[in-house]
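Structure, as structure tokens:
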Amino acid sequence: MAGRFRRTLATVRSTGAVPRWLLYIGGATVLVFTLVALAAPLIAPYDFDQYRSDGTRFPKLGHPSGDHPFGTTVQSLDVLSRVIWGARTALEVVVLAVVFSLIIGVALGLISGFVGGWLDRVLVLLMDALFAFPYLLLAIVLSFLLSDAIGSGVVTTALAITVVYVPQYFRVVRGSTMSARELPYVEAARVIGAKPRTIIVRYLLANVVQSVPVVATLNAGDAILTLAGLGFLGYGIQPTEAAEWGYDLQRAVSDANAGIWWTALYPGLAITVLVVALTILGEGLNEVLNPTLRRRRAFAFLLPGRSASTQAPVLAAKEPR
Amino acid sequence: MGAVRSGSLARYIGTRLLLAIPMVWILLTMVFVLMRVAPGDPVSAALGARLSADQLAERRAAAGFDAPILQQYWDFLGHIVRLDFGRTLTDNRPVTDIIVENGGATLTLTLAAVILAVLFGLPMGLHAGRRRDKPDDIVIRLFGILTFAAPVFFVGLLFQLFFGKALGWLPTSGQASPVVQATVETKTHILLLDTIIAGDGEATGDVLKHLVLPAVTLGLLTLGVLVRMTRVNVIQTLGSDYVESARARGIPDRTVVVRHALRNALVPVITVMGLQAALLLGGAVLTEQTFNWPGIGNQLVDYLNNRDYTAVQGIITFFALVVVLISLLIDIINALVDPRIRY
């Protein structure tokens with residue numbers, strides 16, 4: 001355990017200065033956001049839907065001041081508290097969405113890559129179709145339908161976002177499974193009579209799983225943007241349920257037309273900083289965890305079609321959307 | 001030689017077209033299933049509050065919702081093949097009308113955004129790739145990350161606040177001033193073209209002014225991706241043997257970079273930009289909403305808010321087809337440019 005930790009540290013140290021600093025800065029920022037999200041009830045001066053205290057209503061669109069450092073909204077809500085509670089919502093939704101899509105995507109990818117045949121072909125076609133679909137529209141339609149079916153909320157929104165990211169894990173995992181399947185150690189396992197289940201779980205999963213943290217981190221950043229986009233269009237978390245940055249920005253559109261900046265600036269900055277942090281953390285992780293990938297990344301050649309299935313998916317998943 | 005080449009190209013395009021058909025079919029089926037698995041009845045969801053039970057039943061029959069599900073599915077596919085995207089439930093308007101009337105605005109916005117992104121993104125990516133890990137490379141990369149990380153609507157709001165309100169330089173809402181909108185005769189449904197056809201320079205200027213902020217906002221979204229892709233591929237081609245041998249033969253650096261490296265770096269870049277079509281359409285919906293831009297995305301959001309299932313189904317289907325079509329075109333362009341793809 002200790003040796004392993006030391007080895008990881010050694011890899012961190014041996015990577016270039018730039019990726020290392022990316023890793024540190026990104027990681028620290030994400031950590032700060034997570035702590036803020038967890039400690040929201042302690043840090044936030046007010047509740048996310050609180051518009052008065054001690055019997056007096058907060059000012060409407062009040063300038064940033066001592067009581068409200070980030071100002072107040074048109075509904076007299078405290079912007080600072082909304083931003084802090086928004087971090088909590090973002091964390092909840094994104095963790096759920098990433099975990100859901102990871103489980104589904106990795107499982108489907110392993111099965112598809114290992115079993116092959118018509119099952120593989122059907123799954124690939126389905127996933128390609130999902131991937132080709134304008135992702136925001138997919139999430140909108142899903143949360144539109146899901147909120148009709150099971151009501152809106154954190155889980156509904158997370159589910160809508162999940163579907164968007166399943167194909168990415170699927171592609172990455174299927175690609176590595178297919179190349180790993182033919183490797184001598186898997187063949188050896190098969191020869192000594194290992195069951196398919198054992199091969200998948202013990203040999204393939206362990207080999208494939210290393211590319212997941214990078215994709216998961218980058219997807220988390222992307223998922224924050226999708227969540228905010230949904231909120232901005234009115235299809236995310238409803239305002240009575242929790243504070244959500246995208247919804248706040250939607251409300252800020254009319255404020256911006258009146259020249260009021262604080263209702264837009266702070267939630268927008270929160271999204272931007274968090275997504276930048278997650279992106280550079282993902283890029284840093286990419287270089288540290290996967291030195292082979294780093295070399296290949298510089299030389300990966302993207303050709304259209306399904307031929308580029310082994311390394312390209314990692315690249316494809318890395319592209320910001 | 002020529003015959004062989006064009007033969008393999010034709011074969012490639014043919015195969016590619018054939019491959020697109022199952023894709024389209026799956027997309028259509030997905031849209032259909034998605035819109036039907038929702039519980040309850042779309043007609044009452046959209047109009048329940050406004051009509052009586054008899055009227056609702058009549059509307060349901062008119063929209064074909066009383067037919068067996070397979071019949072509905074078959075009708076849906078048959079209509080799409082004839083480019084009929086159905087009628088809206090709430091105002092009984094053909095979806096094709098929405099596409100024609102509002103498509104011009106969306107097309108203007110997305111094209112302007114792509115042009116801006118290519119105009120600035122390619123040189124930036126090329127420069128960053130040539131000066132790998134130098135300070136300017138790092139700055140450009142950070143800029144690329146930033147343009148991707150900042151939500152389009154946030155960037156749009158900042159632009160509105162700064163260029164629209166604080167400086168008062170540019171309009172922040174709509175596609176043109178109300179006067180222009182009212183006076184210019186509609187011919188192409190593309191307002192910019194209409195003002196040019198009308199020969200009204202002032203109106204053209206007005207439309208262009210309205211276009212600047214939304215186009216830059218949406219353009220920035222694509223710019224980041226383009227910069228990153230160009231950079232990675234330029235680095236890769238600059239490290240390849242043929243670039244080295246070109247350098248060894250004493251070919252000037254400029255020529256090597258532009259003729260040898262950039263050209264070859266562009267194929268994957270074009271491919272990725274094709275994949276970005278989905279991103280661009282999603283971004284367009286958000287940008288249109290931010291700037292009150294009268295495009296298809298704006299209509300989609302309106303119909304979503306009115307819970308108009310058939311309108312949403314029609315517009316989504318159209319968007320999905322556009323994405324498939326763009327990726328098809330991109331692949332064909334790539335095959336024309338790069339003989340390796342068509343074998």
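The values are calculated or read from the model by the stated rules, or taken from the named source; none is laboratory data. Being a predicted model, the structure only gives us computed values, none of them experimental. Cβ: placed from backbone, ideal geometry, glycine included. Neighbour counts: every protein chain shown. The accessibility values were calculated without ligands, DNA or RNA, using every heavy atom of the protein model including side chains. Shrake-Rupley method; radii C 1.70, N 1.55, O 1.52, S 1.80 Å.
Figures for the structure shown
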quantity	calculated
Residue ranges of helices (runs of 4 or more DSSP H) in the range B:262-310 with at least 2 members in contact with an Asp or Glu (Cβ under 7 Å, 6 or more places away or on another chain) and surrounded by fewer than 23 Cβ atoms within 10 Å (Cβ to Cβ)	B:263-275
Options B:328, B:281; residue that is touching a Lys or Arg at 6+ places or on another chain (Cβ under 8 Å) and not polar (S, T, N, Q)	B:328
Failed item, numbered, when residue B:283 is tested on (1) at pLDDT 80 or above; (2) more than 12 Å from chain A (Cβ to nearest Cβ)	(2)
Where a residue in the range A:236-252 is away from every other protein chain (no Cβ under 14 Å) and its partner, wherever it lies, is small (Gly, Ala, Ser), with Cβ under 6 Å and at least six apart	A:241/A:153; A:243/A:86
Number of positions in the range A:19-36 that are surrounded by fewer than 18 Cβ atoms within 10 Å (Cβ to Cβ) and either more than 19 Å from residue B:134 (Cα to Cα) or modelled with pLDDT of 90 or more (or both)	9
Condition met for residue A:82 (at pLDDT below 75 and of a type outside the set (Ser, Thr, Tyr))	no
In the range A:124-174, residue farthest from residue B:30 (Cα to Cα) [restricted to those that are surrounded by fewer than 23 Cβ atoms within 10 Å (Cβ to Cβ) and among the charged types (D, E, K, R)]	A:148
For residue B:110: the one exception among (1) of a type in the set (Val, Ile, Thr); (2) in a loop (DSSP other than H, G, I, E, B); (3) under 21 Å from residue B:301 (Cα atoms)	(2)
Qualifying residue in the range B:236-246 (condition: over 25 Å from residue B:334 (Cβ atoms), open to solvent by less than 40 Å² (accessible area, probe 1.4 Å) and among the β-branched types (Val, Ile, Thr))	no
Flag if residue B:255 is polar (S, T, N, Q), facing chain A (nearest Cβ under 8 Å) and either free of Cβ contacts under 8 Å to residues at least 24 places away in the same chain or within 30 Å of residue B:236 (Cβ to Cβ) (or both)	no
Qualifying residues in the range B:132-144 (those that are over 15 Å from residue B:217 (Cα atoms) and not charged (D, E, K, R)) - the one least open to solvent (accessible area, probe 1.4 Å)	B:140
Selected residue (criterion: nearest to the chain's Cα centre (by Cα)) from residues of the range B:52-78 that are assigned to a loop (DSSP other than H, G, I, E, B) and closer than 15 Å to residue B:310 by Cβ	B:63
Filter pass, residue B:26 being open to solvent by 40 Å² or more (accessible area, probe 1.4 Å) and either modelled with pLDDT of 80 or more or within 14 Å of chain A (Cβ to nearest Cβ) (or both)	no
Index of the failed condition, residue B:250 passing every other in (1) more than 30 Å from residue B:65 (Cα to Cα); (2) more than 9 Å from every other protein chain (Cβ to nearest Cβ); (3) outside any loop (DSSP other than H, G, I, E, B); (4) not basic (Lys, Arg)	(3)
Which listed residue is surrounded by fewer than 16 Cβ atoms within 10 Å (Cβ to Cβ) and touching a residue at least 12 places away in the same chain (Cβ under 8 Å), from B:198, B:203, B:176	B:198
Condition met for residue B:334 (within 11 Å of another protein chain (Cβ to nearest Cβ), open to solvent by less than 40 Å² (accessible area, probe 1.4 Å) and under 26 Å from residue B:224 (Cα atoms))	yes
Filtered residues of the range B:138-153 (kept if over 24 Å from residue B:282 (Cβ atoms), touching a helix residue (DSSP H, G or I) at 6+ places or on another chain (Cβ under 8 Å) and more than 8 Å from chain A (Cβ to nearest Cβ))	B:140
Single unsatisfied condition, residue B:148 versus (1) open to solvent by 20 Å² or more (accessible area, probe 1.4 Å); (2) under 28 Å from residue A:270 (Cβ atoms)	(1)
Test: residue in the range A:81-89 that is charged (D, E, K, R) and open to solvent by less than 20 Å² (accessible area, probe 1.4 Å)	yes
Candidates B:208, B:213, B:226, B:218 - the one that is open to solvent by 10 Å² or more (accessible area, probe 1.4 Å) and of a type outside the set (Lys, Arg)	B:208
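Residue by residue, here is whether (1) at pLDDT 75 or above; (2) out of contact with any strand residue (DSSP E or B) (no Cβ under 9 Å at 6 or more places or on another chain) holds:
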position: B:51; (1), (2): no, yes
position: B:59; (1), (2): no, yes
position: B:68; (1), (2): yes, yes
position: B:88; (1), (2): yes, no
